[in-house]
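Participant: Below you'll find the structure I mean.
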C-alpha cells in the first residue's frame, strides 16, 4: 500500500551536492587508483549520504542523489555504442558549456546494456523506507553533447539521433516500473535549450513513456551547468504543445526567475500536478522558511493545493553539499509553514 503523502509534498529534482571527499575519490577513480571494490564502496557511501541528508531534512519523496552520475549525462555516453570522443572546444578558463567533453557518432547509436538507472533505483530501495522516485534523462537531453557533422552517421539531423535514443529510454523506464518504481521523473532540460520542434519533442516524450506503469513527471528547465542557465528562460512558448505530454506532473523551475510566469497557469488551466521550484539552486542566497512559504502561497493562487508540490529549481550537483543540505532543510521548513498558512496538512 502506497504511503500517503502530506499536502504539498516535498521532493528533489535528482542530484545532490558532492562532499569534498567524494571529489577526491573521483579523481582517484579516474586515475585508476581504486579497484572495483573500492569504487563500489565509494559510490554506495556517497549515495547513502545523499539519502540520509534528504531523510534528515524531512523530504517526503527521496531520490538517490544521482551520485553515480557525473555532470548529469556524461556517465551515460560510456554506455552507448557508436560514439567517438572529441576534444572540448575550450580547455582554459572557467568551466562552462563549451568546456564539456563531446562525442561524434561513427555509426547509429545503440545502448545494448541499458542506461544503468534501474540498478541505481534498486540500490535506493534497499536504503530507505520512505517513498522514492527514480529519475532518467530523456532522448533530447541525452543527445546534447553529441556533435553532428556532415558525413557522420546522422549528418545534421538531431531529431533522427534523438529518435534512435527513444527505445533505450523506453526500455529503461519499463524496467524501472517492473522493478517497483511507481514515481519516475524524465529530465528534458534540452527541450527548452536545443533549437527544434517542441511538438516533436512531446511526441518523443510520449514514445518514451509508452507502456510505463508509473506516475510520470516531466522536468524541463533552462540548463544548470555550474549554476548557469542556457535556454531562453520562459515556458510560455512551449504551450499549448506541452499539454499533449502524457505525464502526471510537470516539474518546473521558478525561484531563480523570481517566480516569473507562475500566473501563466491561470491561462493554461491545471489539469495535472505541478511541482514548483521554490528554492534557487543557482544562488548561494539561503532562503528563509518564510521565503519558501511566501512562494508556495503565491503558487497556490494559481495551482490547486491538491495538485501542488515543492521542489528545488533543479539538481544540486553544481553546489557544495553543505549548501544543498541547508537549502533542503529550508525547503521542508518553508513548506510546513505554507501548509499551516494555507490550512492544509
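Participant: Taking residue 301 as the residue in question, decide whether it is more than 20 Å from the chain's Cα centre (by Cα) and buried (at least 23 other Cβ atoms within 10 Å of the Cβ).
Facilitator: no
Participant: Go through the stretch 33-67 and give me each residue that's surrounded by fewer than 17 Cβ atoms within 10 Å (Cβ to Cβ), assigned to a loop (DSSP other than H, G, I, E, B) and touching a residue at least 24 places away in the same chain (Cβ under 8 Å).
Facilitator: Once the filter is applied, which keeps residues that are surrounded by fewer than 17 Cβ atoms within 10 Å (Cβ to Cβ), assigned to a loop (DSSP other than H, G, I, E, B) and touching a residue at least 24 places away in the same chain (Cβ under 8 Å), the stretch 33-67 yields only 58.
Participant: May I pose another question? Where residues in the stretch 144-176 are in a loop (DSSP other than H, G, I, E, B) and under 22 Å from residue 13 (Cα atoms), which of them is nearest to the chain's Cα centre (by Cα)?
Facilitator: By that ranking, first place goes to 144.
Participant: Can you tell me which residue within the stretch 83-127, out of those that are at positive phi and touching a helix residue (DSSP H, G or I) at 6+ places or on another chain (Cβ under 9 Å), is surrounded by the most Cβ atoms within 10 Å (Cβ to Cβ)? Full working, then the answer.
Facilitator: Of the stretch 83-127, the ones at positive phi are 93, 114, 116.
Now restrict to residues that are touching a helix residue (DSSP H, G or I) at 6+ places or on another chain (Cβ under 9 Å): 114, 116.
Working: 114: 13, 116: 17.
For the stretch 83-127, the residue satisfying everything is 116.
So that you can scan it fast, the table gives a plain yes or no per residue for (1) surrounded by fewer than 17 Cβ atoms within 10 Å (Cβ to Cβ); (2) farther than 22 Å from residue 230 by Cα; (3) out of contact with any helix residue (DSSP H, G or I) (no Cβ under 8 Å at 6 or more places or on another chain); (4) at pLDDT below 95:
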position	(1), (2), (3), (4)
260	yes, no, yes, no
263	yes, yes, yes, no
272	yes, yes, no, no
276	no, no, no, no
292	no, yes, no, no
310	no, yes, no, no
318	no, no, yes, yes
321	no, yes, no, no
333	no, yes, no, no
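Participant: Residue 159: buried (at least 17 other Cβ atoms within 10 Å of the Cβ), out of contact with any strand residue (DSSP E or B) (no Cβ under 6 Å at 6 or more places or on another chain) and touching a residue at least 12 places away in the same chain (Cβ under 8 Å), yes or no? Before you say what the answer is, go through the steps one by one.
Facilitator: Details: buried (at least 17 other Cβ atoms within 10 Å of the Cβ): yes; out of contact with any strand residue (DSSP E or B) (no Cβ under 6 Å at 6 or more places or on another chain): yes; touching a residue at least 12 places away in the same chain (Cβ under 8 Å): yes.
Against the criterion (buried (at least 17 other Cβ atoms within 10 Å of the Cβ), out of contact with any strand residue (DSSP E or B) (no Cβ under 6 Å at 6 or more places or on another chain) and touching a residue at least 12 places away in the same chain (Cβ under 8 Å)), residue 159 qualifies.
Participant: Looking at (1) part of a helix (DSSP H, G or I); (2) at pLDDT 90 or above; (3) buried (at least 17 other Cβ atoms within 10 Å of the Cβ), which is the only condition residue 186 fails?
Facilitator: All conditions are met except number (1).
Participant: Here is a follow-up. Looking at the stretch 72-143, what strands (runs of 3 or more DSSP E) fall wholly within it and have at least 2 residues that are more than 24 Å from the chain's Cα centre (by Cα) and farther than 23 Å from residue 40 by Cβ? Spell out how you get there, then give the answer.
Facilitator: Values: elements: 81-86, 102-110, 134-137.
Here the list reads 81-86, 102-110.
The values are calculated or read from the model by the stated rules, or taken from the named source; none is laboratory data. What you see is a predicted model; the values in this text were computed from it and never measured. Cβ atoms come from the backbone with ideal geometry, glycine included; neighbour counts cover every protein chain shown.
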